[in-house]
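Working notes for the structure below.
The values are calculated or read from the model by the stated rules, or taken from the named source; none is laboratory data. Just so you know, these numbers come straight off a predicted model, no measurement behind them. Using ideal geometry, Cβ is built from the backbone for each residue, glycine included, and neighbour counts are taken over all protein chains shown.
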2 protein chains.
Amino acid sequence: MSTAASLPNRPLTVAILGASGAVGQELLQLLQERHFPVKELRLLASARSAGTRCSWNGQDLTVQEVSESAFAGVDLVLASAGGSVSRQWREAIVAAGAVMVDNSSAFRMDDDVPLVVPEVNPEAAIQHRGVIANPNCTTILLTLALAPLATRRALRRVVVSTYQSASGAGAQAMEELKTHSHEVLAGMTPTPAVLPHSLAFNLFLHNSPLQANRYCEEEMKMVNETRKIMGLPDLRFTATCVRVPVLRAHSEAVNVEFDAPLPVAEARELLAAAPGVQLMDDPASSRFPMPTDVAGRDPVMVGRVREDISEPKALEFWLCGDQIRKGAALNAIQIAELLLPA
Amino acid sequence: MSTAASLPNRPLTVAILGASGAVGQELLQLLQERHFPVKELRLLASARSAGTRCSWNGQDLTVQEVSESAFAGVDLVLASAGGSVSRQWREAIVAAGAVMVDNSSAFRMDDDVPLVVPEVNPEAAIQHRGVIANPNCTTILLTLALAPLATRRALRRVVVSTYQSASGAGAQAMEELKTHSHEVLAGMTPTPAVLPHSLAFNLFLHNSPLQANRYCEEEMKMVNETRKIMGLPDLRFTATCVRVPVLRAHSEAVNVEFDAPLPVAEARELLAAAPGVQLMDDPASSRFPMPTDVAGRDPVMVGRVREDISEPKALEFWLCGDQIRKGAALNAIQIAELLLPA
């Protein structure tokens, strides 16, 4: 392990860029919960959020406006303020000698930026040149379940449909879902402001920009990021991403075809033993994962593993994971933990 | 057209079995809305619901307890009180000379019972021997979109994930979703009574009984009924059915593989011209069907038709349809209309 790639062997100066968002708040909680070696924590945000106060680990912190000088002496930046903010400050962060773990999609597909799910491709992290990208939430959850299966059979094709919570669009979208639900229950027709349509008792195809091929950005993120993380650049992959009126956990219905049949019992064993995965697969009681099972929890829960009756080489399964936690903040912290000296 | 198979050429005596349910109420509304030739309308239900009063088309009707004699003189029975009630009264209904359009799953796969979506296989209806089955909601919506495509290319395989509303579990499940949503918004943890888990800001794999192959009954209904309606007994088909916190419209993410590539433009033309289908497919505005677009409306809305980037012979599309209306009551009335003398 090269010294420059690892974080220094002492309590660290950590900056959170975008501390006031849903993911930023979860990062604060996880740094404390996981006893990350923090000497000093700097909360950075745009001028609009600067001055906001925040208590963390018994300290009273004030959000500062982000600037080049704010990164002086920082060892680690956890960035979660969107792609344009990450692009704007990348150079300053790297020039300050800090490692940036970036939750945005800005650099994920760059050749010189590792895209890491610690349980899947931890070896990629240490090859960073200052920036490590945190994958898209749906991709993180999916690769945790695909990786153990791929150790036994080559993946041929993946067809996935998602059921994505409001949290994927941020804290304001979660609030809007609650407000709109109140309004619908009161017989009113809500007016969307954060999301393009109301999610209250409704759902819609993911609203990220459509590409020429009629896949939205979110879907192409799943396709491209899964290929990069798993080292399978030609994996046949299609995804339909859907926003549903759930607060903070994503679900996915997954159909995966292998080069040869993989017995269900074997797949279950692999999943049960996989890090970051909890198998909840009890056909006798028809009890399988639900968003309420995983909200606020670390593992991705996987269940209803079965042979696809339409294709003997394919299996189907269902998974749920907390979007803010493993789908974003937890994975980012785990990436940083990979860089801590042993 | 055989005379016995058609309904008589005069105003009809119509009975609704299960008039107080969500589908029963929609049947009442549709009979009036569509000017179905009703001379007399009899509302029948179990002893528990007997005596309930109901206004219809300016008349004040009282629900009667179902009995053999209640079918005397009846021309048409629209049954929507569950499989066991349909099984119990089938003989009496047929013996009384009435035609039974049955919304339950009791007889759908029987060889001597046509299973009909009027836009897809109207010719099957007239071959009835007293009973015509109304398909499962998700199947009706799906076959409306598959049928026009199947006129151009042979279907090879269908992979579908559903997003099914509370209405599929009845009026009480819809009420429970509302009550539980209120409770969650008030910070409480709801206790499920109608459905096995709370749907409020949550979702779960369809709770119909699991088969040995780990597909639930609802999923196998889609597989088997689609094959029967489309006359494709060997169609390769897999479905994952999921209940979501939406009130009365179902959505489906569909991946369909053909024997040869079908250009998207051709598929769009076929869908735009298909009876019962409304194409809502505007990539420029990213506007595609949502449950709120179809609630209380007749057509199945289809959109985001695209070539599957993982399989050149496959297309993907998205659809939404009102579960109570086209998914149940409207389709039943349309079946009865097929039997009206020209």
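Would you check which residues across the stretch B:118-140 are in contact with a Gly (Cβ under 6 Å, 6 or more places away or on another chain) and outside any helix (DSSP H, G or I) and list them?
Let us first name the residues in the stretch B:118-140 that are in contact with a Gly (Cβ under 6 Å, 6 or more places away or on another chain), namely B:119, B:137, B:140.
If the condition is that a residue be in contact with a Gly (Cβ under 6 Å, 6 or more places away or on another chain) and outside any helix (DSSP H, G or I), then B:E119 is the only one that fits.
Does A:A249 satisfy the criteria of being touching a residue at least 40 places away in the same chain (Cβ under 8 Å), in contact with a helix residue (DSSP H, G or I) (Cβ under 6 Å, 6 or more places away or on another chain), facing chain B (nearest Cβ under 9 Å) and closer than 27 Å to B:E252 by Cβ? Walk me through it before giving the result.
Details: touching a residue at least 40 places away in the same chain (Cβ under 8 Å): yes; in contact with a helix residue (DSSP H, G or I) (Cβ under 6 Å, 6 or more places away or on another chain): yes; facing chain B (nearest Cβ under 9 Å): yes; closer than 27 Å to B:E252 by Cβ: yes.
When the stated conditions are applied, A:A249 passes them.
Is there any pair with a first residue in the stretch B:82-95 that is surrounded by fewer than 20 Cβ atoms within 10 Å (Cβ to Cβ) and polar (S, T, N, Q) and a second that is in a loop (DSSP other than H, G, I, E, B) and at pLDDT 95 or above whose Cβ atoms are under 8 Å apart and which are 6 or more apart or on different chains, and what are they?
From the stretch B:82-95, the pairs are B:S84/B:A106.
Residue check, A:A50 against (1) in contact (Cβ under 8 Å) with a residue 40 or more places away in the chain; (2) over 30 Å from A:M230 (Cα atoms), all met but one. Which one?
(1)
Which residues, counting only those in the stretch B:10-28, are within 16 Å of the chain's Cα centre (by Cα) and not hydrophobic (A, V, I, L, M, F, W, C)?
B:G18, B:G21, B:G24, B:Q25, B:E26
Name the residues in the stretch B:75-117 that are farther than 23 Å from B:D298 by Cα and in a strand (DSSP E or B), would you?
Within the stretch B:75-117, B:V99 is the sole residue that qualifies.
Can you tell me which residues in the stretch B:227-244 are buried (at least 22 other Cβ atoms within 10 Å of the Cβ) and in contact with a helix residue (DSSP H, G or I) (Cβ under 6 Å, 6 or more places away or on another chain)?
If the condition is that a residue be buried (at least 22 other Cβ atoms within 10 Å of the Cβ) and in contact with a helix residue (DSSP H, G or I) (Cβ under 6 Å, 6 or more places away or on another chain), then B:I229, B:F237, B:A239, B:C241 are the ones that fit.
Within the stretch A:247-282, how many residues are in a helix (DSSP H, G or I) and either in contact with a Leu (Cβ under 8 Å, 6 or more places away or on another chain) or crowded, with 18+ Cβ neighbours inside 10 Å (or both)? Don't jump to the end; show me each part of the working.
Step one: list which residues in the stretch A:247-282 are in a helix (DSSP H, G or I), which gives A:264-273.
Among the residues that remain, those that are also either in contact with a Leu (Cβ under 8 Å, 6 or more places away or on another chain) or crowded, with 18+ Cβ neighbours inside 10 Å (or both) are: A:264, A:267-268, A:270-272.
The total comes to 6.
Report, by residue number, each residue of the stretch A:96-114 that is buried (at least 20 other Cβ atoms within 10 Å of the Cβ) and more than 17 Å from A:V23 (Cβ to Cβ).
A:A96, A:A98, A:V99, A:V113, A:P114, listed by residue number.
Of all residues in the stretch A:175-220, how many are surrounded by 18 or more Cβ atoms within 10 Å (Cβ to Cβ), more than 10 Å from every other protein chain (Cβ to nearest Cβ) and either out of contact with any His (no Cβ under 6 Å at 6 or more places or on another chain) or within 22 Å of B:A173 (Cα to Cα) (or both)?
Matching residues across the stretch A:175-220 total 4.
Any residue at all in the stretch A:303-321 that's outside any strand (DSSP E or B), facing another protein chain (nearest Cβ under 10 Å) and hydroxyl-bearing (S, T, Y)?
yes
Would you check if there is a residue in the stretch B:143-153 being in a helix (DSSP H, G or I), more than 17 Å from B:F317 (Cα to Cα) and not hydrophobic (A, V, I, L, M, F, W, C)? Steps first, answer last, please.
Filtering the stretch B:143-153 down to residues in a helix (DSSP H, G or I) leaves B:143-150.
Checking the rest, the ones that are also more than 17 Å from B:F317 (Cα to Cα) come to none.
Looking through the stretch B:143-153, none of the residues is in a helix (DSSP H, G or I), more than 17 Å from B:F317 (Cα to Cα) and not hydrophobic (A, V, I, L, M, F, W, C).
Here's a check for you: in the stretch A:35-73, which residue that is farther than 13 Å from A:W89 by Cα and among the aliphatic types (A, V, I, L, M) is surrounded by the fewest Cβ atoms within 10 Å (Cβ to Cβ)? Talk me through it step by step, then tell me what you get.
Applying the first criterion (farther than 13 Å from A:W89 by Cα) to the stretch A:35-73 yields A:35-43, A:47-64, A:73.
Next, only the ones that are among the aliphatic types (A, V, I, L, M) stay: A:38, A:41, A:43, A:47, A:50, A:61, A:63.
On the way: A:V38: 17, A:L41: 22, A:L43: 26, A:A47: 10, A:A50: 16, A:L61: 18, A:V63: 22.
The residue in question is A:A47.
Working carefully through the options B:A145, B:A150, B:A166, find the one that is under 19 Å from B:L279 (Cα atoms), buried (at least 24 other Cβ atoms within 10 Å of the Cβ) and among the small types (G, A, S).
On the way: B:A150 fails: buried (at least 24 other Cβ atoms within 10 Å of the Cβ); B:A166 fails: under 19 Å from B:L279 (Cα atoms).
Only one candidate qualifies: B:A145.
Do we find a residue being assigned to a strand (DSSP E or B) and small (G, A, S) anywhere in the stretch B:18-39?
Taking the stretch B:18-39 and keeping what is assigned to a strand (DSSP E or B), we get B:38-39.
From what is left, the residues that are small (G, A, S) are none.
Looking for residues that are assigned to a strand (DSSP E or B) and small (G, A, S), one finds none in the stretch B:18-39, hence no.
Just the residues that are within 15 Å of A:M109 (Cβ to Cβ) and either hydroxyl-bearing (S, T, Y) or more than 9 Å from every other protein chain (Cβ to nearest Cβ) (or both), please, taken from the stretch A:221-240.
A:K221, A:M222, A:N224, A:E225, A:T226, A:R227, A:K228, A:I229, A:M230, A:G231, A:L232, A:P233, listed by residue number.
Just need a number here: residues in the stretch A:145-173 that are under 21 Å from the mean Cα position of the chain (by Cα) and within 10 Å of chain B (Cβ to nearest Cβ).
Within the stretch A:145-173, the subset under 21 Å from the mean Cα position of the chain (by Cα) is A:145-150, A:158-173.
So of that shortlist, the ones also within 10 Å of chain B (Cβ to nearest Cβ) come out as A:158-163, A:165-166.
Count: 8.
Here are some conditions: (1) in a loop (DSSP other than H, G, I, E, B); (2) among the polar types (S, T, N, Q); (3) closer than 29 Å to B:E175 by Cβ. B:S6 meets all but one. Which one does it not meet?
Condition not satisfied by B:S6: (3).
Residue check: is B:S286 over 30 Å from B:V14 (Cα atoms), within 9 Å of chain A (Cβ to nearest Cβ), more than 18 Å from the chain's Cα centre (by Cα) and small (G, A, S)?
Working: over 30 Å from B:V14 (Cα atoms): yes; within 9 Å of chain A (Cβ to nearest Cβ): yes; more than 18 Å from the chain's Cα centre (by Cα): yes; small (G, A, S): yes.
Yes: the conditions hold for B:S286.
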